[in-house]
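K.L.:
Have a look at this one.
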């Protein structure tokens, strides 16, 4: 089981949920926290599966636009978190 919830959250800066995984989704098998699952007749099901999404994304409107490459990039962003303090470019 994953140690961290696998749901992608955040609107401007999508990232993985920071909560610990408490169990697996009965449909997709990914690890999710209590906040991103609901109890159903089939067992605990993640919000993405409840919404009919293939990807573990909390925002259904944005989910249609995210690709597998995007999800990989989101994961790398969290791993390479730098301490420079410059998260955004100055576009002025």
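The values are calculated or read from the model by the stated rules, or taken from the named source; none is laboratory data. Since this is a predicted model, take the numbers as computed values, not measurements. We place every Cβ from the backbone using ideal geometry, glycine too, and count neighbours over all the protein chains shown.
K.L.:
If a residue has to be outside any loop (DSSP other than H, G, I, E, B) and over 10 Å from the mean Cα position of the chain (by Cα) to count, how many in segment 5-30 make the cut?
P.N.:
The number of residues fulfilling the criteria is 3.
K.L.:
When residues of segment 18-27 are filtered for being surrounded by 17 or more Cβ atoms within 10 Å (Cβ to Cβ) and touching a helix residue (DSSP H, G or I) at 6+ places or on another chain (Cβ under 9 Å), how many remain?
P.N.:
1
K.L.:
When the residues of segment 56-70 are filtered to those that are surrounded by 18 or more Cβ atoms within 10 Å (Cβ to Cβ) and within 19 Å of residue 4 (Cα to Cα), which remaining residue is modelled with the highest pLDDT?
P.N.:
My answer is 56.
K.L.:
Kindly indicate which of 40, 73 is exposed (fewer than 13 other Cβ atoms within 10 Å of the Cβ) and either modelled with pLDDT of 85 or more or in contact with a helix residue (DSSP H, G or I) (Cβ under 8 Å, 6 or more places away or on another chain) (or both).
P.N.:
40
K.L.:
What number of residues within segment 1-17 are exposed (fewer than 15 other Cβ atoms within 10 Å of the Cβ) and out of contact with any helix residue (DSSP H, G or I) (no Cβ under 9 Å at 6 or more places or on another chain)?
P.N.:
So the answer is 4.
K.L.:
Count, please, the residues in segment 2-37 that happen to be modelled with pLDDT under 90 and on the phi > 0 side of the Ramachandran plot.
P.N.:
1
K.L.:
Scan segment 40-55 residue by residue and report those that are without any contact (Cβ under 8 Å) to a residue 24 or more places away in the chain, assigned to a strand (DSSP E or B) and in contact with a strand residue (DSSP E or B) (Cβ under 8 Å, 6 or more places away or on another chain). Give the steps one after another, and end with the answer.
P.N.:
Step one: list which residues in segment 40-55 are without any contact (Cβ under 8 Å) to a residue 24 or more places away in the chain, which gives 40-45, 50-54.
Retained after the next criterion (residues that are assigned to a strand (DSSP E or B)): 40, 43-45.
Scanning segment 40-55 gives 44, 45.
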